[in-house]
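Trainee: Take this structure first; my questions come after.
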Amino acid sequence: MEKLNELIVEAEPRAQELFEAFIKESAEAAFLEQGKAMDGTSAVQLVIENAPQISVALAALIGTLQRRRLRFSIRRDGIELAIDGAAGAG
Amino acid sequence: MGSPCIWSTKWSQRRAASHSDLCDLSEVRSEVADILRQLLMRTIRGPKPPHLLFELITSKRQSAYLIDRGDQAVILYDLSQSMALKRLLDFVEADRPYDEIAKLYAACAGLSVADESPALCAALLSMPVPQEGEYLHNLGDLLAHYQAFKATLPGLMFEWKSSLVDGYLLAHEMAHFLWKHPDELMTRLKSGAESAFEYALGQVCYENQPNFADIAQHWGELPKGPEELEKLRRDLVNRRRSHEAKRNHLIEEIACDAYALLMVSVIHMSVWQPKTDDYEAVLEGYLRFAQTFFLIVALSDLHQAMIRRAKHSVASGIETEKPADIADMHFRKMALIYSMTGNAMTCLPERLRQVEAFPTVLQGVQSVIVGLKDSFGALIAIPVTRLIRAQLLAFERQPKPAIHSEQPWHQKLAVAFGRDRPPLTYTESAVNALIGSAEGSPDSHTSRRGRRPRSASRR
């Protein structure tokens, strides 16, 4: 599988607005993905392609997610990153 | 010349890979994807939407998934969910006793928590099942349910189970795509789903009905004290509040189920629709299809419900308050009866297909489907749920055994997927890796086909 240095923040649907604001304001190549499972659960993902490192904007987003007590997880190329206070989403 | 059919991109392949944690996708036979794509095309009215992608996954989660990304979307089709449902149908068709079905559900629930709790996964994969199930009903009622269920089985469309199960799952996901890009049919289904929502709310949350106490006590079959009745009334009020808060989400799910119901019935029309002008015979044929479809949805509902209970047990303990959405799939199942009635109406000749006929047809569909639902509940859903709940509770209260294997499910999945089903989906080497070699496996004797069903009195 091709490596893209892809960073994915997955969270519960309530995080959608925050993700949309990040995409609008960030210069990085970022996309919003909405997932719906057959079991009725859903989640939103912020996908940042070619992310070299956790940027200032992303660090601010993580801080907001934590303050709002939204469940989220972060994966870089499929490997989950340990972020203080991040509960596994979904 | 239209644009070439593109089903897969690097983006969708990456998502499929990240959602496949059960088996390497390269181990899946390539023709399986071709067959499923053809079936998916039959659930679409018109050409393939250019931005719809399709990938296979094999996940411990056991649930199909649709990801929307702007104007693109990918259906991640989960083979483990499809295989589990087909095997459950095999057991029901063969009139297997509840214990084999319970083992399968427990294995599926265990698999879903393999990462969070390897010890619980191992415990559920080797769950002991007592010979006698813990039924809710007395023996007389149980036998009546069994006789009714047994009489229904020969009329169901088991020989089409592969295309029925896959068609249901594919069309449901397709409908989520259409929800965001609605055509005329989806617009109509959206409106029907709103009425179905109200119908299901009235059926599920009956706390305001004048005969609440009668319904709650199954007309005297299950006597309850005043405190129990009051607790049930409060539970129903909470449930109503939860369903109403998620009204839009539930209406989307109901519309997607209705889309799947309609498209799967169209695909199989030549099977259930007799060649006759006798509308009663056509209606009877449709009800046979509707019962089969409902059975698949009921098996799927219980599948996801047991997974949720295992996750609930790991997260906070099975005796803590259940998550508010735990009954959503049951709610959707009830709404399906309303959607089925809409379809059944089209079996009537035009002179009878009037709005005034709807309540009578609804009553007819309801009595046939609710009869099946009640038997399914009494014989399968209730004892299976009780057994798995007891297992979860026992596990929570006991000291946790050490797990020596990194993957407690590895080579033990015969109990969930069997040995005769996977050739359609996985290569032989993948099958052996997942469920162990055919020789000498301790659970091989329980997963082979052809085991004689037990008699009614053993159930």
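The values are calculated or read from the model by the stated rules, or taken from the named source; none is laboratory data. Computed from a predicted structure; not experimentally measured. Here the Cβ positions follow ideal geometry from the backbone for every residue, glycine too, while neighbour counts run over all protein chains shown.
Trainee: Restrict the check to the stretch A:66-77 and report whether at least one residue is crowded, with 21+ Cβ neighbours inside 10 Å, at pLDDT 85 or above and out of contact with any helix residue (DSSP H, G or I) (no Cβ under 7 Å at 6 or more places or on another chain).
Mentor: Yes.
Trainee: Oh, and also: State which residue pairs qualify: first residue facing chain A (nearest Cβ under 10 Å) and inside the stretch B:6-22, second residue outside any loop (DSSP other than H, G, I, E, B) and of a type in the set (D, E, K, R) in any location, beta carbons under 6 Å apart, and separation of 6 or more residues or different chains.
Mentor: Between residues of the stretch B:6-22 that are facing chain A (nearest Cβ under 10 Å) and residues that are outside any loop (DSSP other than H, G, I, E, B) and of a type in the set (D, E, K, R), the close pairs are B:Ala16/B:Glu55.
Trainee: Only one of B:Leu185, B:Leu142, B:Leu189 is within 27 Å of B:Ile380 (Cβ to Cβ), in a helix (DSSP H, G or I) and of a type outside the set (Ser, Thr, Tyr). Can you tell me which?
Mentor: Working: B:Leu185 fails: within 27 Å of B:Ile380 (Cβ to Cβ); B:Leu189 fails: within 27 Å of B:Ile380 (Cβ to Cβ).
Residue meeting the stated conditions: B:Leu142.
Trainee: Condition check: under 30 Å from B:Tyr168 (Cα atoms), modelled with pLDDT of 85 or more and touching an Asp or Glu at 6+ places or on another chain (Cβ under 8 Å). Does A:Leu32 satisfy that?
Mentor: Yes.
Trainee: Give me a count of the residues in the stretch B:8-31 that are over 15 Å from B:Leu434 (Cβ atoms) and of a type in the set (A, V, I, L, M, F, W, C).
Mentor: Within the stretch B:8-31, residues that are over 15 Å from B:Leu434 (Cβ atoms) and of a type in the set (A, V, I, L, M, F, W, C) number 3.
Trainee: Turning to a different aspect of this structure: For the stretch B:329-347, indicate whether the set of residues that are farther than 30 Å from B:Leu392 by Cβ, among the aromatic types (Phe, Trp, Tyr) and modelled with pLDDT of 90 or more is non-empty.
Mentor: If we filter the stretch B:329-347 for residues that are farther than 30 Å from B:Leu392 by Cβ, which is where we start, we get B:337-347.
If we keep only those that are among the aromatic types (Phe, Trp, Tyr) too, we end up with B:338.
In the following step, the residues that additionally are modelled with pLDDT of 90 or more were identified as B:338.
Within the stretch B:329-347, one or more residues are farther than 30 Å from B:Leu392 by Cβ, among the aromatic types (Phe, Trp, Tyr) and modelled with pLDDT of 90 or more.
Trainee: Residues of the stretch A:39-56 being exposed (fewer than 15 other Cβ atoms within 10 Å of the Cβ) and among the aliphatic types (A, V, I, L, M), which ones?
Mentor: Hit for the stretch A:39-56 is A:Val56, nothing else.
Trainee: Does B:Asp95 satisfy the criteria of being in contact with a His (Cβ under 8 Å, 6 or more places away or on another chain), among the acidic types (Asp, Glu), in contact (Cβ under 8 Å) with a residue 12 or more places away in the chain and surrounded by fewer than 23 Cβ atoms within 10 Å (Cβ to Cβ)? Break it down stepwise before answering.
Mentor: On the way: in contact with a His (Cβ under 8 Å, 6 or more places away or on another chain): no; among the acidic types (Asp, Glu): yes; in contact (Cβ under 8 Å) with a residue 12 or more places away in the chain: yes; surrounded by fewer than 23 Cβ atoms within 10 Å (Cβ to Cβ): yes.
Against the criterion (in contact with a His (Cβ under 8 Å, 6 or more places away or on another chain), among the acidic types (Asp, Glu), in contact (Cβ under 8 Å) with a residue 12 or more places away in the chain and surrounded by fewer than 23 Cβ atoms within 10 Å (Cβ to Cβ)), B:Asp95 does not qualify.
Trainee: Are any of the residues in the stretch B:62-72 at the interface with chain A (Cβ under 9 Å from one of its Cβ atoms) and at pLDDT below 90?
Mentor: Yes - at least one qualifying residue is present in the stretch B:62-72.
Trainee: Here's another thing I want to ask about it. Quick check on my filter: what residues within the stretch A:1-29 are crowded, with 21+ Cβ neighbours inside 10 Å and of a type outside the set (Asp, Glu)?
Mentor: A:Leu7, A:Ile8, A:Val9, A:Ala11, A:Ala15, A:Phe19, A:Phe22
Trainee: Can you spot a residue in the stretch B:177-195 that is within 14 Å of chain A (Cβ to nearest Cβ), touching a residue at least 40 places away in the same chain (Cβ under 8 Å) and closer than 20 Å to B:Asn343 by Cβ? Steps first, answer last, please.
Mentor: Filtering the stretch B:177-195 down to residues within 14 Å of chain A (Cβ to nearest Cβ) leaves B:177-181.
Still in the list and also touching a residue at least 40 places away in the same chain (Cβ under 8 Å): B:177-181.
Checking which are closer than 20 Å to B:Asn343 by Cβ leaves us with B:178-179.
Yes: the stretch B:177-195 contains one or more residues that are within 14 Å of chain A (Cβ to nearest Cβ), touching a residue at least 40 places away in the same chain (Cβ under 8 Å) and closer than 20 Å to B:Asn343 by Cβ.
Trainee: Taking the condition of a type outside the set (Gly, Ala, Ser) and surrounded by fewer than 19 Cβ atoms within 10 Å (Cβ to Cβ), does B:Pro383 pass?
Mentor: Criteria not met by B:Pro383.
Trainee: Let me ask another. Does the stretch B:1-26 hold any residues that are farther than 20 Å from B:His176 by Cα and within 26 Å of the chain's Cα centre (by Cα), and which are they?
Mentor: Answer for the stretch B:1-26, where residues must be farther than 20 Å from B:His176 by Cα and within 26 Å of the chain's Cα centre (by Cα): B:Ala17, B:Ser18, B:Ser20, B:Asp21, B:Leu22, B:Cys23, B:Asp24, B:Leu25.
Trainee: Of A:Gln16, A:Gln34, which residue is within 14 Å of chain B (Cβ to nearest Cβ) and either assigned to a strand (DSSP E or B) or closer than 21 Å to A:Ile79 by Cα (or both)?
Mentor: A:Gln34
Trainee: So, in the stretch A:37-70, how many residues would count as being of a type in the set (S, T, N, Q), in a loop (DSSP other than H, G, I, E, B) and more than 14 Å from every other protein chain (Cβ to nearest Cβ)?
Mentor: Residues that pass the stated criteria total 2.
Trainee: Considering each of B:Val165, B:Val92 in turn, give the residue that is of a type in the set (Val, Ile, Thr) and closer than 17 Å to B:Leu379 by Cα.
Mentor: After applying the criteria, what remains is B:Val92.
Trainee: All but one of (1) surrounded by fewer than 21 Cβ atoms within 10 Å (Cβ to Cβ); (2) within 14 Å of chain A (Cβ to nearest Cβ) hold for B:Thr360; state the number of the condition that does not hold.
Mentor: Result: B:Thr360 passes all but (2).
Trainee: What are the residues in the stretch B:15-24 that are among the hydrophobic types (A, V, I, L, M, F, W, C) and surrounded by fewer than 18 Cβ atoms within 10 Å (Cβ to Cβ), if any?
Mentor: B:Ala17
Trainee: Considering only residues that are within 14 Å of another protein chain (Cβ to nearest Cβ) and free of Cβ contacts under 8 Å to residues at least 24 places away in the same chain, which ones fall in the stretch B:23-53?
Mentor: Once the filter is applied, which keeps residues that are within 14 Å of another protein chain (Cβ to nearest Cβ) and free of Cβ contacts under 8 Å to residues at least 24 places away in the same chain, the stretch B:23-53 yields B:Ser26, B:His51.
Trainee: Just one of B:Glu100, B:Glu116 is surrounded by fewer than 23 Cβ atoms within 10 Å (Cβ to Cβ) and assigned to a helix (DSSP H, G or I); which is it?
Mentor: It is B:Glu100.
Trainee: Which numbered condition in (1) part of a helix (DSSP H, G or I); (2) free of Cβ contacts under 8 Å to residues at least 60 places away in the same chain is the only one that B:Lys86 fails?
Mentor: It fails just one condition, (2).
Trainee: Please note which helices (runs of 4 or more DSSP H) are completely contained in the stretch B:319-432 and include at least 3 residues that are touching a residue at least 12 places away in the same chain (Cβ under 8 Å) and more than 17 Å from the chain's Cα centre (by Cα).
Mentor: Helices (runs of 4 or more DSSP H) meeting the threshold: B:328-345, B:358-376, B:382-397.
Trainee: Could you give every pair whose Cβ atoms fall below 9 Å, whose first residue belongs to the stretch B:145-156 and is closer than 15 Å to B:Ala378 by Cβ, and whose second residue is surrounded by 14 or more Cβ atoms within 10 Å (Cβ to Cβ) and of a type in the set (Lys, Arg), counting only separations of at least 6 or pairs across chains?
Mentor: Sorted first by the residue in the stretch B:145-156, then by its partner, the pairs are B:Tyr146/B:Arg459.
Trainee: Would you confirm, using the coordinates I've provided, whether B:Val297 is part of a helix (DSSP H, G or I), in contact with a Gly (Cβ under 6 Å, 6 or more places away or on another chain) and buried (at least 18 other Cβ atoms within 10 Å of the Cβ)? Reasoning before the result, please.
Mentor: Numbers: part of a helix (DSSP H, G or I): yes; in contact with a Gly (Cβ under 6 Å, 6 or more places away or on another chain): no; buried (at least 18 other Cβ atoms within 10 Å of the Cβ): yes.
Considered against the rule, which asks whether it is part of a helix (DSSP H, G or I), in contact with a Gly (Cβ under 6 Å, 6 or more places away or on another chain) and buried (at least 18 other Cβ atoms within 10 Å of the Cβ), B:Val297 comes out as no.
Trainee: Check the stretch B:239-255 and report whether any residue there is at pLDDT 90 or above, outside any helix (DSSP H, G or I), within 14 Å of another protein chain (Cβ to nearest Cβ) and closer than 30 Å to A:Arg14 by Cβ.
Mentor: For the stretch B:239-255, residues at pLDDT 90 or above, outside any helix (DSSP H, G or I), within 14 Å of another protein chain (Cβ to nearest Cβ) and closer than 30 Å to A:Arg14 by Cβ: present.
Trainee: Can you tell which of B:Leu287, B:Leu295 is at pLDDT 95 or above and within 13 Å of the chain's Cα centre (by Cα)?
Mentor: B:Leu295
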